[in-house]
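Each value in this text was obtained by applying a stated rule to the coordinates, not by laboratory testing. Owing to the predicted nature of the structure, the values given are computational and were not obtained by experimental measurement. All Cβ positions, glycine included, derive from the backbone under ideal geometry; neighbour counts span all protein chains shown.
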Ligand SMILES: C[S@@+](CC[C@H](N)C(=O)[O-])C[C@H]1O[C@@H](n2cnc3c(N)ncnc32)[C@H](O)[C@@H]1O
């Protein structure tokens with residue numbers, strides 16, 4: 001595989017030459033694991049990752065359920081015996097195993113690429129977050145876990161058979177708990193829920209956000225909408241960038257999609273690398289970030 005830059009075509013250039021601390025912002029079309037190795041250790045102050053859940057493989061699993069039986073092989077509650085029977089094939093467990101085999105090496109790379117004062121935000125949902133917590137504890141160390149942010153929104157159909165799931169989970173880990181950067185003052189403030197209970201001055205200033213962020217999804221009719229199906233709202237990522245990096249810092253998103261993270265980073269004067277393998281995402285990022293970044297495309 002060779003790599004070329006659109007503005008400076010050089011099909012023989014090596015990926016390791018593409019990024020430098022003095023160089024331009026980059027939008028890279030590449031399978032991320034093939035590109036990340038070209039980036040040097042500790043180069044980024046902030047990494048935001050919003051990986052897809054479905055990595056595209058068709059999978060199967062054996063569903064195991066317990067049923068009561070008089071001669072079963074396992075003892076259950078109240079003296080009943082149970083037999084483990086194998087249920088029908090479903091498509092979740094193996095997909096899950098594959099998913100983690102996909103994500104783990106990329107999270108290890110994220111750890112390598114983070115600066116000493118750096119922070120990782122991993123954006124997931126309720127199906128994956130508990131497993132991811134265990135994985136990140138093992139990669140970073142439990143003492144490096146900073147927060148679990150709940151992004152709560154209120155949109156779409158409501159399940160009737162359980163509590164409707166209307167939130168995402170964002171795990172936050174720091175490379176070194178004694179050195180990380182966090183600027184709560186740089187973050188936008190929120191209205192008090194009960195402004196009558198605080199002074200007028202406090203009510204006017206608003207309160208610091210907590211780890212629960214109420215924020216609308218990208219409006220289907222709003223000007224922020226790019227048409228990319230998994231686009232995240234800028235308001236959410238503005239908090240991430242403002243709190244966990246400084247102007248001039250290098251920041252990285254290697255599941256970049258429509259480039260929301262890059263757009264926010266540029267607006268806040270950070271320097272960025274956004275990577276995605278999907279040509280549709282690259283097309284959208286070219287429009288959204290073309291003025292402030294150089295486009296790099298892998299060609300095979
Ligand atoms: C959930 S979307 C990210 C959306 C993004 N946060 C936004 O606001 O638009 C995940 C992205 O990861 C990309 N992706 C998945 N696997 C990849 C890989 N191995 N290398 C590079 N990009 C990948 C997909 O093409 C997709 O655009």
Under the 7 Å Cα-to-Cβ spin-label approximation, residue 143 and residue 280 lie apart by a distance in nanometres of 4.5
Descending packing, highest mean Cβ count within 10 Å first, for 136-148, 103-115 is 103-115, 136-148
Shape descriptor, segment 164-243: equivalent ellipsoid semi-axes (Cα gyration tensor, sqrt 5λ, whole Å, largest first) stand at 25, 21, 13
Expressed in angstrom and rounded, the centroid-to-centroid distance over alpha carbons for segment 228-269 and segment 155-222 is 16
One point scatterer per Cα, no solvent, Debye formula: log10 I(q)/I(0) for segment 150-300 at q = 0.14 Å⁻¹ comes out as -0.85
So, with points 7 Å from each Cα along the Cβ direction, the residue 193-residue 153 label distance in nm works out to 2.2
The whole-number value in µm²/s of the Stokes-Einstein translational diffusion coefficient for segment 165-211, with Rh from the Kirkwood sum over alpha carbon pairs at 25 °C and 0.890 mPa s, is 183
For 266-278, 194-206, ranked highest to lowest by mean beta-carbon neighbours within 10 Å, the order is 266-278, 194-206
Exposure-ranked with fewest Cβ neighbours within 10 Å first, 154, 117 stand as 154, 117
Length gained, residue 230-residue 161, 0.36 nm per residue minus C-alpha separation, equals 22.3 nm
Cα-based Debye curve of segment 217-287 sampled at q = 0.14, 0.19, 0.28 Å⁻¹ gives log₁₀ I(q)/I(0) of -0.40, -0.72, -1.31
Debye calc, one equal point scatterer per Cα of segment 247-299, no solvent, log10 I(q)/I(0) at q = 0.15, 0.27 1/Å comes to -0.34, -1.08
Using the Kirkwood formula on alpha carbons, the hydrodynamic radius of segment 113-227 in angstrom works out to 16.9
